[in-house]
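The values are calculated or read from the model by the stated rules, or taken from the named source; none is laboratory data. This is a predicted model, so every value here is computed, not measured. Ideal geometry is used to build each Cβ from the backbone, glycine not excepted, and the neighbour counts take in all protein chains shown.
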Amino acid sequence: MDKPKSNFFAPFKGIKYMIQKPVTIRVPEEEREAQKRYRGFHTNDWEECIGCGTCADICPTDAINMEKVPDYDAPEGEKDERPVIDYGRCCFCGFCVDICTTGSLKMSKDYIYMDEDADTFLYIPDEEGLNKNYPKEGYERNEDTDLLDLERIAMRYTKSKKRKDSFLEYVKGFSKEEAKREAARCVECGICTDRCPAHMDIPEYINTIWDDNLEEGVEWMYETNPLPNICGRVCTHKCEDVCTISHRGEPIAIRWLKRYIVDNAPEDVYEEVVLSNVSKEGEGSIAIIGAGPAGLSAAYYLRTIGYDVDIYEKEELAGGVMRYGIPRYRLPDEAIDKDILFIEKIGVNIHRNTKVGKDIKFSKLREKHDVVFISTGFMEPRHLKIKGSDHPDVVAAMDFLPKVRDFVRDKKQMPEVAEKVVVIGGGDVAYDVGRSVARLQNIKYGKVDVTLTALEKKEDLPAGEDEIQEGKEEGLEIYPASGPVEIIIENDEIKGLKTAECIALFDDKGNFNPKLNKDNTEIHEASQVFISIGQAPNYDYLPDNIKEELEFKGPQIKINEKTHQTSMDWLFAGGDIVNGPDIINGVADGHNAAKAIDDYIRSNK
Amino acid sequence: MKEVKLFHGPNHPGMHGNFSVHLTVDGDTVKKAKPNPGMLHRGFEKLMERRLWMSNIALIPRVCVPEPDINETVYSMAVEKIEELEVPERAKYLRVIILELARIAVHMMSIGGIGGPTGVYTAPNWALNERDMILDIFEKITGHRIYHMYIVPGGVRQDINEEILEFIENTINDIESRLKDYYEIIFESPIIHKRLKGTAPLTKEQALDWGVTGPGLRSTGVKYDVRKKFPYLVYDKLDFDIPIAEESDAYTRLYLKYLEVKQSIKIIRQVLSDIPKGKVRNKLMGTALKWKIKEGEAYGKVESSRGEFGYYIVSTGGRYPYRIQVRGASYPQGLYGIEAGLPGTRLEDVSIWLDTMGVCSPEVDR
Ligand SMILES: Cc1cc2nc3c(=O)[nH]c(=O)nc-3n(C[C@H](O)[C@H](O)[C@H](O)COP(=O)(O)OP(=O)(O)OC[C@H]3O[C@@H](n4cnc5c(N)ncnc54)[C@H](O)[C@@H]3O)c2cc1C
Ligand code: SF4
Ligand code: SF4
């Protein structure tokens, strides 16, 4: 290596710098604007922020705390907290910005702040920024920096060609690899838990998939829901509507993950978990009328406290609408059987084929038991009163669907379906009817001709997106914004349904009162019409004196929301006859009622 | 004469950071030297066991303040090895840009920093300007000047555009145009010659014995550079030399750094012209809160400005590292080197040792 030689004059060469412009800046007199991506003080758009706390979770220095916003009542899907940043700890990594689930959190180019009061270094970012009016556009998240995984793992379904004449379950469920990938997307914020009527600990059970600990997953399920096999298939999954990830991506497939746990937890482990939940503490006996979700859930939780529980069910099989309404291709009997099996295994007595009011008197139950819980549901069909609707080929949903299930269980004859069918209704039940009819038509005629007519506009259809999409794949046609006017009958035979354009669903007062434009009508040819416009309760099992004492709100029974009691302290109620409209609300009702019944019995000792 | 005990700490202008040496001197001659680390000890290795795989990226740059990027790189490389995670080509080139820029910044600080212990104060002022120009590049690419938190498992956090590429080119041209000035004012300076030549010598045996790598080892004639011996990223595709010298003293080591700056500029130029298009990051499964790294262990290492720098990572398959061991490149010269190499030198040469051997105090302490 040749090294430089010493040169006496060399150091003097620096003199030339005396006449060069200085490179330094006179801060603070002179300002230096930071670069475009600068990670300076935070800004947070409060309108967008939902207080999920994910920013606080990723923060490597624990600089972010979630603080309750005073006097703020957060709407559904949002928490009443906002992030507070401690600039004594913050290291300006920007990971909070990268992971912010809504994109509300950003960083500014602002980087100088001075104050004598150390408390002012605790800062609740808002849109203005720390030093107000400073250039705000600093560091922002982009696709590369994003710390969320926004894409949902696609569920595998049986192709429509194969499922068109089959009542076998067509949702295949996640494989282990798929479930883990999907579980890995959850940020554990718990926004979904707040939304779930049963407040299931969703992030916790999702975590058990990620951590390969399905046993604990089953434990988490039964904390709040004794029907995980059912809910893992057909829950209305409102939790997913609010899932934090949906703000920038696709919500976590919470329902399918639940199903994954119960489908894959080993049977013995599963049994051990469920059986170990039972205590012997409670003393007393409870009668439950109706083995739908509310009745089953109340029974399970009461039994775990130690009470003797008897469910009276009029049908041959327990499950209520789940067993007799929801079509088998969505909810196979095996799933219902499994959930009910464990409820019976812990000692709940289900008296099947026992209609209260007929096979056993209500007053008898009152005598035999300390408390009665009623959950008899909305199982009766609701009929439509238009011209021609009393024709025998006009069939209500809940007259038809139980027959389909019975047929599929190989017990009864195939229900009658015509070659050309119209279904009135655009909700999930209408799709259940339409898709069941389509399957039967395929079996009988080898082709499908089903038209649904709904009052709502296309974008407002009450049915879930999946139903609409899958129905379409199976050949269903939908006519939105059309209200039924008349069922056309010639020579005693149905020729079709006449509908008129629906221009408004609600009147000026906001009451449901569809307005039809009779000048714009259409005729849908068909020789059979199905009606799916809702279900109704049947209280004929209640003695008149009880009925008189009960308070009603429309068709539903009024209860004290805190104590779950009706106007009689020993009579509790839940499920569709109180709240509705779905299984998970029934489960929540059952659980809450169980706690309330326990309180009631203990306080009466 | 009576021996005197001296505290040679951060208050000394030639001291690099929060580090101190307890000296026992007889007159001006060092009799005993005891490094006294601990002022910067934060227990990084332990802290890493309690942080998410991603969150650690914000912590580890602090293991070496002037050259933080090596931490992010070796951490990511080890994680990528265990997880078998591919890094996109473009990201590899971007990493090289960052690492070589950092090398230039550190070497310039060291070259200028020699002004502290030798009294040539023009040099540090100039050199800090060069470093700041590089920090401007960092700010443009990563959003921060000192702790970049830019290199992450799977690639880098952000792509760069043509404008930034051009900015880098202009900046290195600019720095290169002034290298001659350093040559003159430092390497031809009679004062520097007098103070550095023959000062703080190091033999090949000592270097190998203590585990010294980097310019220290190369100045004794051993051609060891991780970039060539165990090529990582795209160093095997780049054309550059490893300057070495035969006899190691402070002057030689400092001059080697100067030559390395030139090589780094050469490397960056090639990267700027060869960098392929494409993505810059392959992500781990799920959200960063849930990332897990497969069970396994791996060592990621790079050639830092002070020599071989690496992280040994053990993962048990969870969301946090099980154990991480840092191989700080300045450990040998910063601990053994001081204790074994300084006795016999003169008091005023202590800082010259630290500067030319390259001792990064937080890395020794970590
Ligand atoms: C076609 C259809 C599809 C649906 N799909 C879904 C869905 O996918 N997801 C969802 O979450 N919800 C769905 N729902 C709604 C859901 O099924 C109900 O909200 C839920 O079943 C209500 O539960 P429940 O406990 O109140 O009673 P129900 O399920 O209605 O059960 C009531 C039980 O009481 C019994 N009973 C009634 N009278 C007596 C008596 N006198 N003596 C003894 N027993 C009696 C009945 O036989 C029945 O078993 C659907 C509803 C329908 C009609
Ligand atoms: S991650 Fe975003 S949305 Fe969630 S609390 Fe933080 S700032 Fe708000
Ligand atoms: S499923 Fe969605 S809402 Fe629920 S905890 Fe996970 S990210 Fe949050």
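Residues in the stretch A:4-22 that are facing another protein chain (nearest Cβ under 7 Å) and surrounded by 13 or more Cβ atoms within 10 Å (Cβ to Cβ) were compared, and the one that is nearest to the chain's Cα centre (by Cα) is A:G14.
State the number of residues belonging to the stretch B:230-253 that are over 18 Å from the mean Cα position of the chain (by Cα), basic (K, R) and within 27 Å of B:T203 (Cα to Cα). Summing the residues that are over 18 Å from the mean Cα position of the chain (by Cα), basic (K, R) and within 27 Å of B:T203 (Cα to Cα) in the stretch B:230-253 gives 0.
Name the residue that is nearest to the chain's Cα centre (by Cα), counting only residues in the stretch B:189-225 that are within 13 Å of chain A (Cβ to nearest Cβ) and surrounded by fewer than 20 Cβ atoms within 10 Å (Cβ to Cβ). Here the answer is B:K223.
For every residue, the table says whether it meets (1) away from ligand 3 (no atom under 15 Å from the Cβ); (2) part of a helix (DSSP H, G or I); (3) more than 20 Å from A:N277 (Cβ to Cβ).
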| residue | (1), (2), (3) |
| --- | --- |
| A:E178 | yes, yes, yes |
| A:E182 | no, yes, yes |
| A:R185 | no, no, yes |
| A:C189 | no, no, yes |
| A:E223 | yes, yes, no |
| A:C239 | no, yes, yes |
| A:S246 | no, yes, yes |
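Being surrounded by 10 or more Cβ atoms within 10 Å (Cβ to Cβ), in a loop (DSSP other than H, G, I, E, B) and either hydroxyl-bearing (S, T, Y) or within 16 Å of ligand 1 (Cβ to nearest atom) (or both) is a property that holds for A:T61.
Taking the condition under 23 Å from A:K68 (Cβ atoms) and either within 14 Å of chain B (Cβ to nearest Cβ) or in contact with a His (Cβ under 9 Å, 6 or more places away or on another chain) (or both), does A:G94 pass? In short, no. Go through the stretch B:64-114 and give me each residue that's hydrophobic (A, V, I, L, M, F, W, C), out of contact with any helix residue (DSSP H, G or I) (no Cβ under 8 Å at 6 or more places or on another chain) and closer than 14 Å to B:R227 by Cβ. Listed by number, the residues that qualify are B:V74, B:M77.
For the stretch A:389-417, give me each residue that is part of a loop (DSSP other than H, G, I, E, B), touching a residue at least 40 places away in the same chain (Cβ under 8 Å) and not β-branched (V, I, T).
Correct list: A:S389, A:H391, A:D393, A:R409, A:E416.
When B:L272 is tested against the conditions (1) within 14 Å of chain A (Cβ to nearest Cβ); (2) farther than 17 Å from B:G307 by Cα, the lone failure is (1). Can you name the residue in the stretch A:104-123 that is more than 14 Å from chain B (Cβ to nearest Cβ) and either among the acidic types (D, E) or in contact with a Lys or Arg (Cβ under 6 Å, 6 or more places away or on another chain) (or both) and is also farthest from ligand 1 (Cβ to nearest atom) among such residues? Among those that are more than 14 Å from chain B (Cβ to nearest Cβ) and either among the acidic types (D, E) or in contact with a Lys or Arg (Cβ under 6 Å, 6 or more places away or on another chain) (or both), it is A:E116. Within the stretch A:578-591, the set of residues being among the polar types (S, T, N, Q) and either in contact with a Ser or Thr (Cβ under 9 Å, 6 or more places away or on another chain) or at pLDDT 95 or above (or both) comprises A:N585 only.
Scanning the stretch A:589-601 for residues that are surrounded by fewer than 24 Cβ atoms within 10 Å (Cβ to Cβ) and in contact (Cβ under 8 Å) with a residue 60 or more places away in the chain returns A:K595, A:D598, A:Y600, A:I601. Name the pairs whose Cβ atoms lie under 8 Å apart, with the first residue in the stretch A:311-338 and over 30 Å from A:K364 (Cβ atoms), the second small (G, A, S) and surrounded by fewer than 20 Cβ atoms within 10 Å (Cβ to Cβ), and 6 or more positions between them or separate chains? As it stands, the answer is A:Y329/A:S166, since those pairs meet every condition given. The residues on offer are B:D159, B:D181, and the sole one that is of a type in the set (D, E), within 12 Å of chain A (Cβ to nearest Cβ) and under 29 Å from B:I114 (Cβ atoms) is B:D181.
Residue-wise test of (1) touching a Cys at 6+ places or on another chain (Cβ under 8 Å); (2) at pLDDT 90 or above; (3) in a helix (DSSP H, G or I); (4) under 28 Å from A:V234 (Cβ atoms).
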site	(1), (2), (3), (4)
A:A500	no, yes, no, no
A:I503	no, yes, no, no
A:N520	no, yes, no, no
A:I523	no, yes, no, no
A:S567	no, yes, no, no
A:D576	no, yes, yes, yes
A:A593	no, yes, yes, yes
A:Y600	no, yes, yes, no
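Taken across the stretch A:460-470, residues that are buried (at least 22 other Cβ atoms within 10 Å of the Cβ) and in a helix (DSSP H, G or I) do occur, with at least one present. Among the criteria (1) among the acidic types (D, E); (2) surrounded by fewer than 19 Cβ atoms within 10 Å (Cβ to Cβ); (3) under 16 Å from the mean Cα position of the chain (by Cα), the one A:E316 does not fulfil is (3).
A quick yes/no check of all residues on (1) under 25 Å from A:I58 (Cα atoms); (2) within 16 Å of ligand 1 (Cβ to nearest atom):
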site: A:K164; (1), (2): no, no
site: A:V171; (1), (2): no, yes
site: A:C186; (1), (2): yes, no
site: A:R195; (1), (2): yes, yes
site: A:I206; (1), (2): yes, no
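Given the condition hydrophobic (A, V, I, L, M, F, W, C) and under 17 Å from the mean Cα position of the chain (by Cα), answer yes or no: does some residue in the stretch B:311-334 qualify? Yes, because at least one residue in the stretch B:311-334 is hydrophobic (A, V, I, L, M, F, W, C) and under 17 Å from the mean Cα position of the chain (by Cα).
Do we have B:A288 as more than 14 Å from every other protein chain (Cβ to nearest Cβ) and either closer than 23 Å to B:G154 by Cβ or hydroxyl-bearing (S, T, Y) (or both) here? In short, no. Among residues of the stretch A:186-197 that are without any contact (Cβ under 8 Å) to a residue 40 or more places away in the chain, those with a Cβ under 6 angstrom from a residue that is of a type outside the set (D, E, K, R), sequence gap 6+ or separate chain, pair up as A:G190/A:P203. Are any residues in the stretch B:118-141 in a helix (DSSP H, G or I), in contact (Cβ under 8 Å) with a residue 24 or more places away in the chain and within 8 Å of another protein chain (Cβ to nearest Cβ), and if so, which ones? Correct list: B:T122, B:W126, B:D136, B:K140, B:I141.
Inspect all residues belonging to the stretch A:554-574 and state whether any of them is near ligand 1 (Cβ under 8 Å from one of its atoms), more than 14 Å from chain B (Cβ to nearest Cβ) and either without any contact (Cβ under 8 Å) to a residue 24 or more places away in the chain or surrounded by 24 or more Cβ atoms within 10 Å (Cβ to Cβ) (or both). Yes: the stretch A:554-574 contains one or more residues that are near ligand 1 (Cβ under 8 Å from one of its atoms), more than 14 Å from chain B (Cβ to nearest Cβ) and either without any contact (Cβ under 8 Å) to a residue 24 or more places away in the chain or surrounded by 24 or more Cβ atoms within 10 Å (Cβ to Cβ) (or both). Candidates A:V578, A:V529: the one that is crowded, with 16+ Cβ neighbours inside 10 Å, under 30 Å from A:K457 (Cβ atoms) and either under 25 Å from the mean Cα position of the chain (by Cα) or more than 16 Å from ligand 3 (Cβ to nearest atom) (or both) is A:V529.
So in the stretch A:257-269, with the set limited to residues that are buried (at least 22 other Cβ atoms within 10 Å of the Cβ) and in a helix (DSSP H, G or I), which one is nearest to ligand 3 (Cβ to nearest atom)? My answer is A:L257. The criterion of at least 1 residues that are more than 14 Å from chain A (Cβ to nearest Cβ) is met, among helices (runs of 4 or more DSSP H) falling completely within the stretch B:40-113, by B:44-48, B:69-83, B:89-113.
Taken over the stretch A:129-148, the residue count meeting the criterion of being away from ligand 2 (no atom under 15 Å from the Cβ), among the acidic types (D, E) and either at pLDDT 90 or above or more than 30 Å from B:V280 (Cα to Cα) (or both) is 2.
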